[in-house]
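The values are calculated or read from the model by the stated rules, or taken from the named source; none is laboratory data. Keep in mind that this is a model prediction, so the values were computed, not measured. Note that each Cβ is placed from the backbone with ideal geometry, even for glycine, and that neighbours are counted across all protein chains shown.
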Amino acid sequence: MGSVTQPTLPIIDFTKNDLQPGSRSWLSLSKDVVRALEDYGCFIVIFSEVSSELHQAIFRAAEELFDLPTEIKVLNTSDTPSHGYVGQEPVIPLYEGLGIENATTSEGVQRFTNLLWPSGNERFRETVLAYSKIVAGLDQVVMRMVAESYGIEKEHESLLGSISYLLRLIKYRGPEINGTNLGIVPHTDKSFMSILHQHQVKGLEIKTKDDEWMAIDPYPSSFVVMAGDAFMAWTNGRIEPAYHRVIMNGNEERYSLGLFSFIRDFTIQVADELVDDEHPLQFKPFDHYKYIHFYYTEEGKRSKCPIKAYCGV
């Protein structure tokens, strides 16, 4: 299993700083963000834009969602693997999750809400949309900081119109007596970037480059910003995604949220600025959604580093 150490993941505070691009604190925070992503593949950000009211409301909405009968929840299907309902899986029996595609658009959230509550659920719809838009704003700030630090602003701008967001609402049951306490197996995210938000029950663990597992405690206003596989390819391997897992202790149920960014209908490629003698080209241009489908093939699942197997040079 590997030992679990006390968390030393960088904590970056966005609340007390001027987040105007180009300002002194923007440049200083950008350095911290890039260093954390290069060292760990992720970091904790303190971000107060999600008010305590919205924090409470989105987790209440999650509880309401998981209280629906299973035959309703399984209506949440998607053409993309793992983007819809996932639950009752023998490998991860404690895990249940639903996905809202295009979660930053009224249409995307409306489609999901109408499917699960045909007579409507305005409060759920409004809460999810408000939450997704604010957290997507955080995702865009981090992405811009990385792009500016690497001198690839042009490439970043060309991506912007193609980003789509998936909000996953996740519930873990308490560990089973004489059974597993594994909530989710160690993995890297297939996203471009991911922003995870825990409620009160801990469980998230992140693997360091020294193969140590760090437990990440939840507290309000803290989010874990994480690079996904596609981000590694986009940065020509400068930023590697973090392996993470969920281990359930105690008997409380655990709710968490993940906002995942994906690049749709756009070929992701390494910018010329990121290729030199020290950093030879590592990845060929690729389609993000085709990569996700590849990951769920036998070859993709077997591979130690699926993104390299898919589009590595």
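Key figures for this structure:
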| item | result |
| --- | --- |
| Whichever residue in region 244-285 is surrounded by 18 or more Cβ atoms within 10 Å (Cβ to Cβ) and among the hydroxyl-bearing types (Ser, Thr, Tyr) and, among such residues, is nearest to Pro186 (Cα to Cα) | Ser256 |
| Hey, Ser162 surrounded by fewer than 17 Cβ atoms within 10 Å (Cβ to Cβ) and either at pLDDT 95 or above or within 28 Å of Ser48 (Cβ to Cβ) (or both) or not | yes |
| Count of region 2-46 residues which are on the phi > 0 side of the Ramachandran plot and at pLDDT below 95 | 2 |
| Cross-chain or 6+ apart pairs with Cβ under 6 Å, region 12-29 first and touching a residue at least 24 places away in the same chain (Cβ under 8 Å) and within 19 Å of Glu49 (Cα to Cα), then hydroxyl-bearing (Ser, Thr, Tyr) and not in a helix (DSSP H, G or I) | Thr15/Ser48 |
| Strands (runs of 3 or more DSSP E) lying entirely in region 124-218 (those with 3 or more residues that are out of contact with any Phe, Trp or Tyr (no Cβ under 6 Å at 6 or more places or on another chain)) | 163-172, 182-187, 213-215 |
| Count of region 30-64 residues which are in contact (Cβ under 8 Å) with a residue 12 or more places away in the chain and not in a helix (DSSP H, G or I) | 10 |
| Residue selected from region 210-243 under the condition farther than 25 Å from Asn181 by Cα and among the aromatic types (Phe, Trp, Tyr), by the criterion surrounded by the most Cβ atoms within 10 Å (Cβ to Cβ) | Trp234 |
| The one condition in (1) charged (D, E, K, R); (2) within 30 Å of Arg123 (Cβ to Cβ); (3) assigned to a helix (DSSP H, G or I) that Asp79 fails to fulfil | (3) |
| Residue pairs meeting the criteria (Cβ under 7 Å; at least 6 apart or on separate chains; first surrounded by 11 or more Cβ atoms within 10 Å (Cβ to Cβ), in region 65-94; second assigned to a loop (DSSP other than H, G, I, E, B) and of a type in the set (A, V, I, L, M, F, W, C)) | Tyr85/Val74; Leu94/Met248 |
| Qualifying residue in region 5-17 (condition: surrounded by 16 or more Cβ atoms within 10 Å (Cβ to Cβ), under 28 Å from Ile177 (Cβ atoms) and among the aliphatic types (A, V, I, L, M)) | no |
| Selected residue (only one of Gly300, Gly250, Gly258 is of a type in the set (Gly, Ala, Ser) and in a loop (DSSP other than H, G, I, E, B)) | Gly250 |
